[in-house]
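Structure first, commentary second.
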Amino acid sequence: MKKITTIFIGVFLVLGMGVCSANTPNIAEVNKGQNIQIFSVDNADGTIDATSIEKAFNASGVTVDVNNNMNSIFEKRYGHVHHKSYNLAIFRSEKSILKLIKKYPSIGLITPLSMSIYSDDAKNSINISTLSLTGMARITKIPATDPDLIAYAKSVDAALHKALPNGAYLPVGHAIETTDKPLVTEYTVEFELEDDVTYIELKDEFAEEFEGELGPVGFLVPKSYKIQEELLKENGHDDYDFFDTYSIIRFNVIFPVSKDHPDAGAFAPFSFSIYKKKDEDTVHVSYPSVDNWITDLGITDEESVKAVRETQGMITDILEELTE
């Protein structure tokens, strides 16, 4: 596949975005200035678990597509676990995505959203961490005042309350440090059409090569989405030749990080986006930079920092090779 390539790292500015408490009562006040939110409730009787949470999210109109018990994986791979229960899940609201994608293709950076579901064994509580409205806006550069993004955040808030009745938001226990690193790693590439080959076929070839490079270095793709074909086209929108997103995870980074930062599930699995608008030559490829976990989560231990930076480097190396 021949490609004329222009590569750049898109530096998304860290914006201090004010959120009106009237739009998001409770969330803005408790997690003001934080990019993630942690919702918690007492679970001493053990009646709430990852399965009941998934059912509650689905019943509220926010679809959970993957909900993995990470402890079963960690036990097999590493011989021990950090928490009594620890799940990573991905979820989405098609209604919100459909509205936002018309204005902001960058919504692909958080499609799907992710969450961790974990026990606080000392407090007999169960917690769910997700991106806050501020965090969603920060990664996508969608204004935090956008009514459709606010509606998306509210739908997540409603799902959290349905999943954890009588729950409350906890203050996030670390400050966010400033960083000069890009929030999003982004590439552009041009696909050259030859003979009867289509843009979709070239995209599929690119995606196959990408996934083929991910597997040998320890990454998994638990879910992928063909948004143009499965959502936009079905709703009468035909603005893209293709728009795909992938949910990507690497156990060797989430395992050490989750020991002290179980709320990292708000960032992992992370989403990878590739799309091309019709009547444009440019293909956009991007994902939220993994190394920003260090400042967002306040990671200080050497093992976790090394794993995070290694993971960012691996993805970058793969994409640079594919877009040369």
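Phi angles of the range 289-300 translate, via the Karplus equation with coefficients 6.51, -1.76, 1.60 and θ = phi - 60°, into HN-Hα couplings of 4, 5, 5, 6, 4, 4, 7, 5, 9, x, 6, 10 Hz per residue; Gly and Pro are given as x.
If you keep only loop residues by DSSP, which trypsin sites (Lys or Arg not before Pro) in the range 55-93 have at most 15 other Cβ atoms within 10 Å of their Cβ? Write out the running numbers ahead of the final one.
Values: sites: Lys55, Lys76, Arg77, Lys84, Arg92; in loops: Lys84.
Here the trypsin sites (Lys or Arg not before Pro) that fit, given the DSSP loop and packing criteria, are Lys84.
Taking 19 Å as the straight-line reach from the Cα of Lys76, the lysines in range (excluding those fewer than 8 positions away in the same chain) are Lys84, Lys259.
Every number in this text was worked out from the coordinates using simple rules, so none of it is lab data. Keep in mind the model is a prediction, meaning the values are calculated, not measured. Because the Cβ atoms are built from the backbone with ideal geometry, glycine has one as well, and the counts that use them run over all protein chains shown.
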